[in-house]
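Novice: Sharing a structure, written as structure tokens. Questions coming.
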Amino acid sequence: SVKVLDASTLSFGTRVRWFAICFVTGIVCSILGTALLWLPKGIKPFAVFYTLGNIAALASTCFLMGPLKQLKAMFEPKRLIATVVMLLFIVLTLCAVFWWNKKGLAMLFCILQSLAMTW
């Protein structure tokens, strides 16, 4: 049902609570990933946690505006390039650490996914 995906089916308090939970989870994942970066072979956990952090932060706003409204906003013509670039760098980050084994590329893609989210 479309109503399940509509933010209005949740109370305002519930939406704010889940926004906060996802947002804080995103920050914790990003900080944890950054801390793990300094361990030997820490690039994989860093890339995974940092990417999960960005995804959780992005998902947090779904609770405020609803997933359908957020997707529509993300794919509006003025945001389309930033959205595609961000999604591309999320995928490339994971490819760099799991398939290509390129630490430098993974770091670059993590930075670029954050810049794309800011854009």
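Novice: Highest mean first, how do 109-117, 49-57 rank when packing is the count of other Cβ atoms within 10 Å averaged over residues?
Specialist: Answer by packing, highest mean first, reads 49-57, 109-117.
Novice: Here's another thing I want to ask about it. Projected area of the chain, taken from the Cα convex hull and averaged over every viewing direction, in nm²?
Specialist: Reported value for the Cα convex hull: 7.9 nm².
Novice: With θ set to phi - 60° and the Karplus curve 6.51 cos²θ - 1.76 cosθ + 1.60, what are the ³J(HN,Hα) couplings of segment 87-101 in order, to the nearest whole Hz, using x for Gly and Pro?
Specialist: Karplus-based 3J(HN,Hα) across segment 87-101 equals 4, 4, 5, 4, 5, 5, 4, 5, 5, 4, 8, 9, 10, 8, 6 Hz.
Novice: From the phi of every residue in segment 55-61, what ³J(HN,Hα) in whole Hz does the Karplus formula 6.51 cos²θ - 1.76 cosθ + 1.60 yield, where θ is phi - 60° and glycine or proline is x?
Specialist: In residue order, the calculated couplings are 5, 5, 5, 5, 5, 4, 6 Hz.
Novice: Mind listing the phi-derived Karplus ³J(HN,Hα) values for segment 48-53, rounded to whole Hz, using 6.51, -1.76 and 1.60 with θ = phi - 60°, and x for any glycine or proline?
Specialist: Listing the rounded values in order: 5, 5, 5, 5, 4, x Hz.
Novice: Segment 53-115: which trypsin sites (Lys or Arg not before Pro) are DSSP loop and have at most 15 other beta-carbon atoms within 10 angstrom?
Specialist: Answer by residue number: K102.
Novice: Could I ask something else about it? Would you mind calculating the gained length between K69 and L88 on full extension (0.36 nm times residue separation, minus the Cα-Cα distance), in nm to one decimal?
Specialist: Residue separation times 0.36 nm, minus the Cα-Cα distance, leaves 4.7 nm.
Novice: Still on this structure: Can you check what the net charge comes to around L58, using other residues whose Cβ is under 15 Å from the Cβ of L58 (Lys, Arg +1; Asp, Glu -1)?
Specialist: +3
Novice: Tell me which lysines have Cα within less than 22 Å of K69's Cα, excluding those fewer than 8 residues away on the same chain?
Specialist: Of all the lysines, those that pass the test against K69 - Cα under 22 Å, at least 8 places apart if same chain - are K3, K78.
Novice: Also: Just the projected area, averaged over all directions, of the convex hull on the alpha carbon atoms of segment 57-107: how many nm²?
Specialist: Taking the Cα atoms of segment 57-107, their convex hull projects to 4.2 nm² on average.
Novice: Give me the one-decimal nm value for the distance between modelled label points at R17 and N101, 7 Å along each residue's Cα-to-Cβ direction.
Specialist: For the pair R17/N101, the computed spacing is 4.7 nm.
Novice: Still on this structure: Nearest 20 debye, what's the magnitude of the dipole of the chain about its Cα centre given +1 on Lys and Arg Cβ and -1 on Asp and Glu Cβ?
Specialist: Computed about the Cα centre, the dipole is about 60 debye.
Novice: While we're looking at this one, here's another question. Give the lysines reachable from K103 as a straight Cα distance under 24 Å; neighbours fewer than 8 places away on the same chain don't count.
Specialist: Within the straight-line limit of under 24 Å, K103 reaches these lysines: K41, K44.
Rule-based calculations on the coordinates, nothing more; no lab input. Computed from a prediction, not measured in an experiment: that's the story for all the values here. With ideal geometry, Cβ positions are generated from the backbone for all residues, glycine too; neighbour counts draw on all protein chains shown.
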